[in-house]
Amino acid sequence: MSRTLDHLLDQNVAWAVGKTRDDPAYFRRMAEQQRPSYLWIGCSDSRVTANDVLGLDPGEVFVHRNIANIVHTSDLNILSVLEFAIEHLEVEHIIVCGHYGCGGVRRALAVERGAMLDHWLQPITMLYRKHRDTFESLASDEMKLDRLCELNIEMQVRRIAATPIVENAWGRGQNLHLHGWIYAIHDGFLRDLGPHLSSTEQRDTLCSIDERVRNPAEPVSALRRQAIDAFAAALPGSLGLDGCGYSECRHDPDNRS
Ligand SMILES: [Zn+2]
């Protein structure tokens, strides 16, 4: 096996030349100060790359990734990223995006313990243990894993919302919106899970995470939202879509529909 990575460096040349050929000003633009509107906090999984799944170019999303997209409030790395993104880049949206089948979340369910990773994953393990009966009542191990992947995302959104960095931003009236999304590797679609938080008031009216375990939020892809909206437009007053309208439920902090 080759000890060098010449093939990657060669690919880099091909990529840079191709970019310049398609858009001669591309790198001149990139060299100017970055102005992303989004901060993405995602899993380190090599299949879930923010720019790819969002269809964004370099410069459009600021990224922090770690195993199982966890927010530890003693983690200087993520706190520094949050501070820089909010106070200097002035991003308007923070997206916590996990994914189904997350190996980190799977590890948090394992009996084997003792690695550094298990300390990292402790918040997920504790949530699982506290609600073991609820998780064990699900029909399969995959459903259990998927549900925990979803709940982990909401837990991390709440943790971000509780940081002084975010509280101070909201306190001075900065436009800052938090989102919880989940990505499915098997179909490439993102799903909106919530919660959607834009103020301390919204954060403080959320149901507890324990209540959320018992009444999980429904993940909704844009594909499904578009289908529901199309039905609602075609059949007003039917399917129960007008009274408890989908768009209203979507922005309910509890995200119950
Ligand atoms: Zn993962």
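The numbers here are math on the coordinates, done by the rules we state, and not lab data. Small disclaimer: the values here were computed from a predicted structure and weren't measured. Quick reminder, even Gly has a Cβ in these numbers, built from the backbone with ideal geometry, and neighbours come from all protein chains shown.
Observations on the structure shown:
- Sequentially through the range 187-194, phi angles give Karplus couplings (6.51, -1.76, 1.60; θ = phi - 60°) of 10, x, 9, 7, 10, 8, 10, x Hz, Gly and Pro residues having no value and appearing as x.
- A convex hull fitted to the Cα coordinates of the range 31-85 yields 86 cubic angstrom per residue.
- Under 5 Å from the amide H of Ile94 lie the amide H atoms of Leu39, His177, Leu178, His179, each residue being 5 or more positions distant or on a separate chain, with H modelled from the backbone and absent for Pro and chain starts.
- Antiparallel DSSP beta bridges within the chain, percent to nearest 5: 25
- Annotation for Ile209 and Lys130: the two label points, set 7 Å from Cα along the Cα-Cβ direction, are 0.6 nm apart.
- Within the range 1-97, the trypsin sites (Lys or Arg not before Pro) that combine a DSSP coil assignment with at most 15 other C-beta atoms in a 10 angstrom radius are Arg3, Arg47.
- Those GluC sites (Glu not before Pro) in the range 105-145 that DSSP places in a loop and that have at most 10 other beta carbons within 10 Å: Glu112
- Loop-resident sites, the range 157-233, for trypsin sites (Lys or Arg not before Pro), counting at most 16 other Cβ within 10 Å (DSSP): Arg172
- Whole-Hz Karplus values for the range 204-212 come out as 6, 9, 5, 5, 5, 5, 5, 5, 4 Hz, taken residue by residue from phi with 6.51 cos²θ - 1.76 cosθ + 1.60 and θ = phi - 60°; glycine and proline positions read x.
- Note on Ala16 and Ser140: with the Förster distance fixed at 45 Å, the Cβ-Cβ geometry gives a FRET efficiency of about 0.45.
- Over the chain - Rg/Rh using Cα atoms and the Kirkwood inverse-distance radius: 1.00
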